[in-house]
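Working notes, structure below.
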Amino acid sequence: MAIEEIAETTGTATTGTTATTGTATIANIGTADAAASATDATNVTAATDITEVTDVTAAAVTYPIAPGYQVNVRSGPGTTYKVVKVLPYNSRVPIRCQRHGQKVSGPYGTSDIWDSIAPGQYVSDTYVRTGSDGFVAAPCG
């Protein structure tokens, strides 16, 4: 993440190649990872603060499950796979990757796209409001 992005996110860094956070000066920051290894830091907490900004901005995007539905999470991309859990009403899910599977109908249409929300956990994309009829994440490998 460029220093300009950190400045926009936190308001604690100045643009350019040097950022000041609290009492520590971290020189020549090109990415937040560089902050962790900066040798000019006099305050370890300040370097950690910048690293924490990376964690916050890298948080997964989540998508809402269709209102009024409790959705089955299955071990694979189809209704013949075992139900591993049920998502409660008003849930939000991250989409790690997507794959084609059994075609099903839901509140958001008919599709064969299944969303992987965790390893070995799939929900039909027809129950997830992604704003798209196609893939919004990388294909599962």
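Quick check, is V86 surrounded by fewer than 12 Cβ atoms within 10 Å (Cβ to Cβ) and outside any helix (DSSP H, G or I)? Reasoning before the result, please.
Working: surrounded by fewer than 12 Cβ atoms within 10 Å (Cβ to Cβ): yes; outside any helix (DSSP H, G or I): yes.
Considered against the rule, which asks whether it is surrounded by fewer than 12 Cβ atoms within 10 Å (Cβ to Cβ) and outside any helix (DSSP H, G or I), V86 comes out as yes.
Of all residues in the range 91-100, those that are open to solvent by 30 Å² or more (accessible area, probe 1.4 Å) and either at pLDDT below 95 or outside any loop (DSSP other than H, G, I, E, B) (or both) total 4.
Out of T126, T110, I need the residue that is open to solvent by 80 Å² or more (accessible area, probe 1.4 Å), among the polar types (S, T, N, Q) and more than 19 Å from A60 (Cα to Cα). Which one?
On the way: T126 fails: open to solvent by 80 Å² or more (accessible area, probe 1.4 Å).
One residue alone meets the criteria, T110.
The set of residues in the range 113-123 being within 16 Å of Y63 (Cβ to Cβ) and either surrounded by fewer than 17 Cβ atoms within 10 Å (Cβ to Cβ) or at pLDDT below 95 (or both) consists of A118 alone.
The values are calculated or read from the model by the stated rules, or taken from the named source; none is laboratory data. Computed from a prediction, not measured in an experiment: that's the story for all the values here. Because the Cβ atoms are built from the backbone with ideal geometry, glycine has one as well, and the counts that use them run over all protein chains shown. Protein only, heavy atoms only, side chains kept; ligands, DNA and RNA dropped before computing areas. Shrake-Rupley method; radii C 1.70, N 1.55, O 1.52, S 1.80 Å.
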